[in-house]
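Structure first, commentary second.
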Amino acid sequence: FYFFFPQKPKSELVRTSLRLLTSSAYRLQSECKKTLPVETCPTTDIQLVTQQVIQCAYDIAKAAKQLVTITTKENNN
């Protein structure tokens, strides 16, 4: 994600959105790994994992929307 943005963006909103985007992407990867047959065990609650995946995807979309809104406003000024 950081190849699109400076290492230390000036805007706190951009930094916050990038943190949400990055952490959500890592969480999504982790949750998806839980669905692999190798890692699936009788105690894995697939419904809970599915809810976590949906939440991660929502957080990624939210962060992406924030970044688009911020950069669009900055480019129009």
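The values are calculated or read from the model by the stated rules, or taken from the named source; none is laboratory data. Since the model is a prediction, treat every value here as computed from it, not as a measurement. Cβ placement follows ideal geometry from the backbone for every residue including glycine, while neighbour counts extend to all protein chains displayed. When the accessible area is computed, the model is the full protein with side chains, heavy atoms only, and any ligands, DNA or RNA have been set aside. Shrake-Rupley method; radii C 1.70, N 1.55, O 1.52, S 1.80 Å.
List of remarks:
- Residues that are among the polar types (S, T, N, Q) and at pLDDT below 85, drawn from the stretch 1-43: Gln7, Ser11, Thr35, Thr40, Thr43
- The C-beta contact set for the stretch 14-37 (first residue in contact (Cβ under 8 Å) with a residue 40 or more places away in the chain, second residue open to solvent by 60 Å² or more (accessible area, probe 1.4 Å) and aromatic (Phe, Trp, Tyr), distance under 8 angstrom, 6+ apart or interchain) comprises Leu18/Phe1; Leu18/Tyr2; Leu21/Phe1.
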